[in-house]
Amino acid sequence: MASSQADQYYLDRPTPCRRNCDQGSLWMALFIAKPILWNRNGYQEPSGVRATSGYPKKNGFGHEEWNNAPALRYKEDGVDWRIFHTEGVGNAPVAEEAGRTILFLYASHDGVQELVGIAANATCLIDNSKERKRLTRKLDIARLGDEAWAIPSVRACHGGKRERFDKVWKRDLEWIPNWRCPADSFLWLDRPARINPHAVRGTSKLLTMFNSFTELNDAQALRIMISVPEADRSPMWHRIRSTILAVDEGIISGDIKTIEKRKDVGPTTKKRLIDSRLGQGRFRRDVERKWDGRCAVTGCGVSEVLRASHILAWCDSDDHEKLDGNNGLLLRADIDALFDRGLISFADTGDMLIADRLSPADRRLLGVPQPLRQRPSVSQRGYLARHRQDWGF
């Protein structure tokens, strides 16, 4: 496993599950590690794995065994969505963090625990029976029952009687679609990645009961992310990693305190770095000069709503890159928010690239896509290439 300099910064510092900043308490995201049943068919259909407890032991299959099946993908309002299943998450604040929850789904088998899937920007539907019922019908999930019944262990659990199985299947059918996330935020690993529980939480193993869960802080979430070998880190892996790192990008005070404590730079450099972290000082002046004091996309010249935004995220930049005006775009606040969260990026030509999870209706409301007003320089293109890589474009 390898981690970047930015990852190591977050891994080395203690962070609570809920972070505070000078503006008050901010609940920026929710990270949950959730155990699910092991499956040998890539979670496309039940595989007949023998469970030792719970619903799978009693019935011979688990509802999560279709989590990676094409049948649980659909398109609505121009956005591709994924439905998936876990058992309950107790008192986790999933309603408050709807669309801002990242789940790490792992399975225990043969003496190891492996990460099998990650769902970012997820919304829990456990308490929304109306929506679960609608999706069950829309996706015709009832037809998946034939795949479960084809498993010998399932037939054995129900005494070989299809009517007994059908009664259980229909009773719990609407429980299957209890999570939803954008398809471009749903990563199912071709090769499960072994987790080191001690590195993640200092324990010999993660929880194994299907109805249990662990709320993680961002450092622990990154430790699970880097359990995926470098060769298996897809563009979507990079996008989810950047989403985790971006959780703290809005909490500036910790970074400023870190700069203030540094002993390897003098007071002048410290001030420049702090100003740059705040989007002010020489960094902002350099960025404003490159874009004539106007938004690089819209041409808006109202300075109060313009942000000097780093192209390559602060946490991924070295000191030179943090201060380099070429590593900046002057953006109107709403465009800056889209760029900072990886909902948009820019090609070397300056054309705007848009994440799939922005629906056509949202794009019209936001007035995107719009290109940069001028073609990026060679230096800017280098930073933009790294932004595209980090966010999976």
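The values are calculated or read from the model by the stated rules, or taken from the named source; none is laboratory data. These numbers were taken from a predicted model, which means no experiment stands behind them. Ideal geometry is used to build each Cβ from the backbone, glycine not excepted, and the neighbour counts take in all protein chains shown. Accessible surface is based on the protein model in full, side chains and every heavy atom, while ligands, DNA and RNA are left aside. Shrake-Rupley method; radii C 1.70, N 1.55, O 1.52, S 1.80 Å.
Some values worked out for this structure:
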quantity	calculated
The range 147-173 residues that are assigned to a helix (DSSP H, G or I), paired with ones that are of a type in the set (Val, Ile, Thr) and at pLDDT 95 or above (beta carbon under 6 Å, 6 or more apart)	148/154; 173/136
Where residue 393 falls short, out of the listed (1) over 25 Å from residue 274 (Cβ atoms); (2) crowded, with 18+ Cβ neighbours inside 10 Å; (3) touching a helix residue (DSSP H, G or I) at 6+ places or on another chain (Cβ under 6 Å); (4) touching a residue at least 60 places away in the same chain (Cβ under 8 Å)	(3)
Residue list for the range 357-372, restricted to those being over 14 Å from residue 341 (Cβ atoms), touching a residue at least 12 places away in the same chain (Cβ under 8 Å) and of a type in the set (D, E, K, R)	none
Residues within the range 345-372 that are polar (S, T, N, Q) and either open to solvent by 40 Å² or more (accessible area, probe 1.4 Å) or part of a helix (DSSP H, G or I) (or both), tallied	2
Qualifying positions in the range 272-322 - open to solvent by 30 Å² or more (accessible area, probe 1.4 Å), aliphatic (A, V, I, L, M) and assigned to a helix (DSSP H, G or I)	274, 305
Qualifying residue in the range 378-390 (condition: part of a loop (DSSP other than H, G, I, E, B), modelled with pLDDT under 90 and either outside the structural domain of residue 119 (by the TED database) or surrounded by fewer than 17 Cβ atoms within 10 Å (Cβ to Cβ) (or both))	no
Candidates 127, 140, 184, filtered to the one that is open to solvent by 50 Å² or more (accessible area, probe 1.4 Å), under 22 Å from residue 66 (Cβ atoms) and modelled with pLDDT under 95	127
Some residue of the range 73-80 being assigned by the TED database to the domain that holds residue 203 and crowded, with 20+ Cβ neighbours inside 10 Å	no
Within the range 156-181, tally of residues that are open to solvent by less than 20 Å² (accessible area, probe 1.4 Å), within 30 Å of residue 355 (Cα to Cα) and touching a helix residue (DSSP H, G or I) at 6+ places or on another chain (Cβ under 7 Å)	3
From 215, 163, 174, 147, residue being among the acidic types (Asp, Glu) and in contact with a Lys or Arg (Cβ under 7 Å, 6 or more places away or on another chain)	174
Members of the range 36-61 that are basic (Lys, Arg) and either assigned to a loop (DSSP other than H, G, I, E, B) or in contact (Cβ under 8 Å) with a residue 24 or more places away in the chain (or both)	40, 50, 58
Complete set of residues in the range 187-232 that are open to solvent by 70 Å² or more (accessible area, probe 1.4 Å) and closer than 22 Å to residue 88 by Cα	201, 205, 207, 209, 211
Count of the range 266-301 residues which are of a type outside the set (Gly, Ala, Ser) and modelled with pLDDT of 85 or more	15
Flag for residue 342 being open to solvent by less than 10 Å² (accessible area, probe 1.4 Å), part of a loop (DSSP other than H, G, I, E, B) and within 21 Å of residue 236 (Cβ to Cβ)	yes
